[in-house]
Amino acid sequence: MKLQTFHYLKKIGIDLWISRPPPRSDSAFYFLFLNYHSVGFCCSLDPKVERIPPAILRFLDDLAFAFSIRKQLPHIGELHWPLPRNSDYSLQEAVRLLFNALPEKVLVFGGRVANCVSDVDDVGVKASVGNDAKQVLVAEDILCYLGNPQAKEDLWVALNNAGLINGDSSTKS
């Protein structure tokens, strides 16, 4: 509405209430994308953390070692949403750009990031095919695996059953 029209209506005694959408509490996201060359990982972290928790990096390093049997430093991509400046990209477009840069095998932790990559109704460990013929495995939130040996074992079995880990499927770490 033009400012002049607003002032005119106010002069004649008509108050206008402008409806604004309520602020969304779930609009802040922090997505982490790690490219270990042989495998990629995506996970959603608390948007309030300022740096990647060391326990998460250690867990993902160990998983990457299981995929390639050699230590490699990952390329780390981070997406803090909303972006600090206006962007022409939507959240889904920004996530897909980072996701498409990952290698052929990708492990996605949590439904929040999985929903941005593709339409995932059910979060649980399952094999699916994503963009560019990637092998994608969707798992529970990454925090479910830290300090939980049974969850780690279940993840290992699911990775072997999906054929994502090279080598003997009876080997556990």
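The values are calculated or read from the model by the stated rules, or taken from the named source; none is laboratory data. All values derive from a computational prediction rather than experimental measurement. Neighbour counts are summed over all protein chains in view; Cβ atoms, including those assigned to glycine, are modelled from backbone coordinates with ideal geometry. In case anyone asks, the SASA skips ligands and DNA or RNA and just uses the protein heavy atoms, side chains included. Shrake-Rupley method; radii C 1.70, N 1.55, O 1.52, S 1.80 Å.
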(request) Give the residues of the range 63-73 that are modelled with pLDDT under 85 and either on the phi > 0 side of the Ramachandran plot or open to solvent by less than 70 Å² (accessible area, probe 1.4 Å) (or both), sorted by residue number. (result) ALA66, PHE67, SER68, ILE69, GLN72
(request) Output the residues belonging to the range 45-73 that are assigned to a loop (DSSP other than H, G, I, E, B) and touching a residue at least 24 places away in the same chain (Cβ under 8 Å). (result) PRO47, ILE52, ILE69, GLN72
(request) State yes or no: is LEU16 modelled with pLDDT of 85 or more and either over 25 Å from CYS116 (Cα atoms) or in contact with a Gly (Cβ under 8 Å, 6 or more places away or on another chain) (or both)? (result) no
(message) So if I check each of LEU83, LEU102, LEU91, which one is closer than 17 Å to PHE31 by Cα and modelled with pLDDT of 90 or more?
(response) LEU102
(message) Need pairs with beta-carbon distance below 6 Å; first residue closer than 12 Å to TYR36 by Cβ and within the range 96-113, second among the hydrophobic types (A, V, I, L, M, F, W, C); sequence gap 6+ or separate chains.
(response) LYS105/VAL39; LYS105/LEU164; VAL106/VAL136; LEU107/PHE41; LEU107/LEU137
(message) For the range 58-72, which positions are in contact with a strand residue (DSSP E or B) (Cβ under 8 Å, 6 or more places away or on another chain) and not aromatic (Phe, Trp, Tyr)?
(response) LEU60, LEU63, ALA64
(request) Would you confirm whether any residue within the range 52-62 is at pLDDT below 85 and open to solvent by less than 60 Å² (accessible area, probe 1.4 Å)? (result) no
(message) Test of understanding: among LEU102, LEU107, which residue is part of a strand (DSSP E or B) and open to solvent by less than 20 Å² (accessible area, probe 1.4 Å)?
(response) LEU107
(message) Looking at the range 29-50, can you tell me whether even one residue there is at pLDDT 75 or above, within 20 Å of ILE165 (Cα to Cα), surrounded by 11 or more Cβ atoms within 10 Å (Cβ to Cβ) and in contact with a Cys (Cβ under 7 Å, 6 or more places away or on another chain)?
(response) yes
(message) Looking only at the range 74-91, filter to residues that are open to solvent by 90 Å² or more (accessible area, probe 1.4 Å) and part of a loop (DSSP other than H, G, I, E, B); which one of those is nearest to ARG112 (Cα to Cα)?
(response) TYR89
